[in-house]
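Q: Below is a structure I'd like to ask you about.
FYI, it's all coordinate maths here, none of it is from the lab. All figures in this text were calculated on a predicted structure; none of them were measured in a lab. Cβ atoms come from the backbone with ideal geometry, glycine included; neighbour counts cover every protein chain shown.
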Amino acid sequence: MPSDIVIDGARSLERIRRLYSLWRNNDEADSSTNDNNALRSVDAIVIIRGQKEDDFTYSKSAAMQTWLFGYEMHDVLVVFCQDSVIIFAGAKKLNYLKQIESEHNNKENAPRNFNFITRKENDEKSFDDIIKQIKMSHQGKTLGVFSKDKMEGPFCEQWQNCLNQHSLTTVDISSSIGYLLAVKDNEELSLIRKACDITGKLYSKHLKDQIINIVDSERKVKHSKLSEGLESALNDEKYVSSVDVNYVEMCYPAIVQSGGNYNLKFSANVDKNTLHYGGSSIICAFGIRYKSYCSNVVRTLLVNPSEEMKKTYQFLLDCEEVILQELKHDVLLCNVYKMVREKVEKERPEFLNKMTVNLGTALGIEFRESTIAITSKCTARAKKGMTFQVSIGFSGLENPDGKDEQSKTYALFIGDTIVVNENESCTIYTSSKKDISHIAIILKDDGTQDDVDDTPAIAPRRAAAEKARIDPKIPEESRQDYQKTLLRRLNERAEARLTSQGDKVSAEKARKINNSYKSEGQLPQDPDIQDLKLYMDKRYETLILPINGTPTPFHISTIKNVSLAVEGEYIYLRVNFFHPGGIGKQADTIDKENVYIKELTYRASTDKKDDVVPASNNLSHIHKLILEIQKKFKDQEQERNESI
């Protein structure tokens, strides 16, 4: 374990007291409803962790260690007896855990003493001594264990062998402990909120932007590639800031689905199919885990949705709203499910057999607690402070307007992380917007919408260009009259400006700012950019240069000139930028409050080794493209000025 670990003894003791309170039947909860009879029937509780697993898996043992001590520890045995707590571990781990004993003050429901036992070469004798103490706890016959947890490694095997030599009965207390962990204190809620903040940023500023950029540029990208890219973004400070990235991880592999193949389960495997955006739905689901506490978000993006698709999506939002309104303190989870089902049955009965059977589960240190789920059969009650991942979806929906087979079938799936309140609807922790104006991607205006203001807000550059085309429905005479009115207004404003400013107009003329991309997610996903090579994006007239290992875009209007020089075995490409103090009208109109790059020089070798194309080819090619795009841009500017 790291040397900087500090265990909060007061917090650990308080949570041990909560465990004993539930075990001793001093809790106010209804035992029959909360399935705590199993816990109250045992004479001792055993939590054991073996060797570290190769692959991360959720387990109750790990969750209990994290909840009690703040960390996961391997090769550690903790036994809760009637009046004492036995902790069997290595000497170094015990030094940390003894901080709990210093907080012990004979409080109510707290054990009378802590027994720390240090591991030696042979654990068998120590195990026998521990079993003797267990037999003196209550009736000494029944052990509460987590039967589904894997017990791997020599430490666990030796413990199991010792248990087999004694006539002790084991009872699975997983559901009882799950209910105990489901109610969060303020510290836990703060960690879940931070996890949700990271999740929201990753979705809105990374994954969503990536998908919109792919749709806009019509590139072919696999679902698995998007999933892997999201995981790589965990180390990027643009998306993960103000927290320690060492404690940030994925709850499960990010799910991206499209093209008619949908599986609305969080255990679904990420396939290698290409992202399909020909008028269908794109489902995104993932969650971030921060300091062991989970979060989750599910969103659906619609590409050129029909009116029926938008109507169905709005109905899905209404169904989720029913969950958020009905999920309150002391409400049976099966009743929440019943309310949603009744709404679907009454308003859209054709969706009954298409709706997900599970509308959410309790969430915390473990991603989902299956015994606390919003299903038709779960009789557990929601409690104030419980956190849930609520999710609802419809699969196997038909889209008769689809242009290909993949577009004729679609699914809708939404989900959020929430906390239960006492007398009011749930509080949503995942902030990314999901109304139709934020999830619909409109590629073209096909004339089916009467009111332009109702058009969804997400419109890629290509969509905006197509949308600006002339609407054939508008009469030619009306269009000409409108153009004359606009021209008259423009001339009047220009005359007023020139009259008031006089000779100062030319000096104070503002230069139009050309933005290449609205966000970093719209950068082209070209291999040259990933390899930190110079790249010219012809579509957006942008030069992408690697600076300190980061691809940085510069619009062609910011480049003054370029030059290419050969010196010995190297080629040098020099890029000069417009900047304050430079020569030319562009330099005079630049905002001098900002910091500007004056010039950049790149060098590449002309050597050709093992039939590999020399690196200098990239500079030569980029030099040619810059001159070409620059000439095109200047011609367009000149034509624009002449037309005014």
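Q: Compute the long axis of helix 60-69 from its Cα atoms, compare it with the longest principal axis of the Cα atoms of the chain, and write down the angle in degrees, 0 to 90, nearest 10.
A: 90 degrees
Q: If you don't mind, another one. Could you tell me the calculated FRET efficiency between LYS125 and ASP318, based on Cβ-Cβ distance and R0 = 60 angstrom, to the nearest 0.05?
A: Details: r = 64 Å, r/R0 = 1.07.
The pair LYS125/ASP318 has a calculated efficiency of 0.40.
Q: To test your reading of the geometry: what angle, between 0 and 90 degrees and rounded to tens, separates the Cα axis of helix 616-643 from the longest principal axis of the chain?
A: Compared with the principal axis, the helix lies near 60 degrees.
Q: Another question, if that's okay. Subtracting the Cα-Cα distance from 0.36 nm times the residue separation, let me have the gained length for ARG112 to ARG574 in nm, one decimal. Let's see the in-between values first.
A: Working: separation 462, 0.36 × 462 = 166.32 nm, distance 7.64 nm.
My answer for the length gained is 158.7 nm.
Q: Considering only TRP159, TYR71, ILE130, whose Cα is most displaced toward the positive end of the charge dipole of segment 9-182, charges sitting on Cβ of Lys, Arg (+1) and Asp, Glu (-1)?
A: The residue sitting most towards the positive pole is ILE130.
Q: Would you mind computing the Rg to Rh ratio of segment 9-182 from its alpha-carbon coordinates, Kirkwood style for Rh? Show your work: numbers first, answer last.
A: Details: Rg = 15.2 Å, Rh = 16.4 Å.
On the Cα set of segment 9-182, Rg over Rh gives 0.93.
Q: Suppose every Lys and Arg Cβ carries +1 and every Asp and Glu Cβ carries -1, with no other charges. What dipole size does the chain come out with about its Cα centre, to the nearest 20 debye? List each step's numbers first, then the result.
A: On the way: 89 positive and 96 negative charges, 113 e Å.
Dipole size: approximately 540 debye.
Q: For THR170, which sequence-distant residues (separation of 5 or more, or a different chain) have an amide H within less than 5 Å of its own amide H, given hydrogens modelled in the peptide plane?
A: LEU143
Q: What lysines could a cross-link reach from LYS265, if we take a straight Cα to Cα line under 19 Å and drop same-chain neighbours fewer than 8 places away?
A: Within reach: LYS354, LYS377.
Q: What ranking, highest mean first, results for peptides 292-305, 530-543, 481-494 when packing means the other Cβ atoms within 10 Å averaged over each residue? All intermediate terms of the calculation are to be shown ahead of the outcome.
A: Working: 292-305: 25.0, 530-543: 17.6, 481-494: 10.4.
In decreasing order of mean packing, 292-305, 530-543, 481-494 become 292-305, 530-543, 481-494.
Q: If you place +1 on the Cβ of every Lys and Arg, -1 on the Cβ of every Asp and Glu, and leave all else neutral, what size is the dipole of segment 227-354 about its Cα centre, to the nearest 20 Debye?
A: Values: 15 positive and 18 negative charges, 49 e Å.
Computed about the Cα centre, the dipole is about 240 debye.
Q: Modelled label-to-label distance, HIS138 and GLU152, 7 Å Cα→beta-carbon offset: nm?
A: Taking the two extended label points, one gets 3.1 nm.
Q: Given a Förster radius of 45 Å and the C-beta distance between PHE633 and ASP404 as r, what FRET efficiency does 1/(1 + (r/R0)^6) yield to the nearest 0.05?
A: Details: r = 37 Å, r/R0 = 0.83.
Result of the calculation: an efficiency of 0.75.
Q: For the chain, what proportion of DSSP beta bridges, expressed in % and rounded to the nearest 5, is antiparallel? Don't skip to the answer; put the middle values down first.
A: Numbers: 68 of 83 bridges.
Once the DSSP bridges in the chain are tallied, antiparallel ones form about 80 percent.
Q: Only helical DSSP H runs with n ≥ 4 go in: add -39500 (n - 2.57) per run for the chain, normalise by residue count and round the 222 nm mean residue ellipticity to 500 deg cm²/dmol.
A: Values: 20 runs with 221 residues, N = 644.
Mean residue ellipticity at 222 nm (helix-derived): -10500 deg cm²/dmol.
Q: Among GLY259, LEU234, ALA285, which residue has its Cα furthest toward the positive end of the charge dipole of the chain, with +1 on Lys/Arg Cβ and -1 on Asp/Glu Cβ?
A: LEU234
Q: For labels at ASN95 and ALA496 in the simple 7 Å Cα→Cβ model, what's the distance in nm?
A: Here the modelled spin labels are 7.8 nm apart.
Q: Between segment 540-560 and segment 382-401, what's the alpha-carbon centroid distance in Å?
A: When both Cα centres are located, 42 Å separates them.
Q: Related question: Please list, in chain and number order, the residues 5+ apart from THR427 or on another chain whose amide H is under 5 Å from its amide H, with Hs placed from the backbone.
A: VAL419, ASN421
Q: Read phi for every residue in segment 300-312 and hand back ³J(HN,Hα) as whole Hz from Karplus 6.51 cos²θ - 1.76 cosθ + 1.60, θ = phi - 60°, with x for Gly and Pro.
A: Karplus-based 3J(HN,Hα) across segment 300-312 equals 10, 9, 10, 9, 6, x, 6, 4, 5, 5, 5, 5, 5 Hz.
Q: Per 5 Å bin, what is the whole-percent P(r) computed from every C-alpha pair distance within segment 226-267?
A: That works out to 5, 18, 25, 20, 14, 9, 7, 2, in percent per bin.
Q: Tell me the angle of helix 9-23 to the major Cα principal axis of the chain, expressed in degrees between 0 and 90 and rounded to the nearest ten.
A: Computed tilt is about 60 degrees.
Q: Same structure again: Work out the FRET efficiency for HIS621 and SER431 from their Cβ-Cβ distance, taking R0 = 35 Å, and round it to the nearest 0.05. Numbers along the way, then the final one.
A: Working: r = 44 Å, r/R0 = 1.25.
Calculated transfer efficiency: 0.20.
Q: Positive end of the charge dipole of the chain (Lys, Arg +1 and Asp, Glu -1 on Cβ, about the Cα centre): tell me which of ASN514, THR356, ILE100 has its Cα farthest that way.
A: Farthest towards the positive end: ASN514.
Q: Along the Cα→Cβ direction, 7 angstrom out, place labels at VAL6 and SER241. What is the inter-label distance in nm?
A: 2.7 nm
Q: Name the residues whose placed amide hydrogens come within less than 5 Å of the amide hydrogen of SER280, ignoring near sequence neighbours (fewer than 5 apart) on the same chain.
A: Amide H neighbours of SER280, under 5 Å, 5+ apart: VAL303.
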